[in-house]
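Heads up, the thing below is written out as structure tokens.
The values are calculated or read from the model by the stated rules, or taken from the named source; none is laboratory data. Everything numeric in this text was worked out from a predicted model, so none of it was measured. Quick reminder, even Gly has a Cβ in these numbers, built from the backbone with ideal geometry, and neighbours come from all protein chains shown. The area values use the complete protein model at the heavy-atom level, side chains included, leaving out ligands, DNA and RNA. Shrake-Rupley method; radii C 1.70, N 1.55, O 1.52, S 1.80 Å.
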Amino acid sequence: KCPPGSYCINGRKYLCDAGYWGSEFGLNVSTCSGICNPGYYCPEGSTSPTEFMCGDAGFYCTEGAYKPTKVSLGYYSTGGTHSTRTGQQMVLKGSYAVEGIRYICPSGYYGSKDGLQNPTCSGVCDVAGFYCPEGSISPTQRVCGGKFRC
């Protein structure tokens, strides 16, 4: 009988398709026992639906993945755990993403558009009479005055 991780047709042995896994002896279809779980990847010949964890937050694996997908620039990974991310989402105004991790724009900077990729966000808040707390989306986020001196 064909061993786990493979299937047989007419006496010939083949590896289970990439993105699928086979845990039983004697399988006879290329999709073997089933599709790989989200957050994991299954190269050709895998024997478990959780063959390999996807990796760090810079990667994600959808259902049926045969290799990890790198998170796009300006996006952060979502779902699962730090090692089993299942998707990605673009960062919104007031934040930025680096290597699949989302951060808030620091005080003194602002993020006026979605998908930013560095800690300087859209730039420095240097408009006279205004200041920018953490997560600001405009260089004129808050008016100075009262207890805030600019």
Magnitude of the Cβ-charge dipole (Lys and Arg +1, Asp and Glu -1) of segment 89-150 about the Cα centre, nearest 20 debye, reported as 240 debye
For Leu73 the rounded accessible area (nearest 10 Å², probe 1.4 Å, non-protein molecules ignored) is 140 Å²
SASA check, Thr84, accessible area w/ 1.4 Å probe, all protein chains in place, rounded to nearest 10 Å², comes out at 10 Å²
On the accessible surface of segment 53-150, probed at 1.4 Å with all protein chains in place, carbon and sulfur together account for a percent value of 52 percent
With +1 on the Cβ of every Lys and Arg and -1 on the Cβ of every Asp and Glu, the dipole magnitude of the chain about its Cα centre, in debye rounded to the nearest 20, is 320 debye
Given a 1.4 Å probe, the accessible area of segment 1-44 per residue, as a whole number of Å², is 57 Å²
Percent relative contact order for the chain, counting Cα pairs under 8 Å at least six residues apart, stands at 14 percent
With N residues in segment 1-98, Rg(alpha-carbon) / (2.2 N^0.38 Å) equals 1.29
Given Cβ charges of +1 for Lys and Arg and -1 for Asp and Glu, the option among Asn118, Ile35, Ile101 whose Cα lies farthest towards the positive end of the dipole of the chain is Asn118
For Glu134, the accessible surface traced by a 1.4 Å probe with all protein chains present amounts, in square angstrom to the nearest 10, to 130 Å²
Phi angles of segment 79-94, converted by Karplus (6.51 cos²θ - 1.76 cosθ + 1.60, θ = phi - 60°) into ³J(HN,Hα) in whole Hz with x for Gly and Pro, give x, x, 10, 4, 9, 10, 5, 10, x, 9, 9, 5, 6, 9, 3, x
In debye to the nearest 20, the charge dipole size for segment 1-70, taken about the Cα centre with +1 at each Lys and Arg Cβ and -1 at each Asp and Glu Cβ, equals 220 debye
Counting lysine pairs in the chain that sit 8 or more positions apart or on different chains, with Cα atoms under 29 Å apart, gives 7
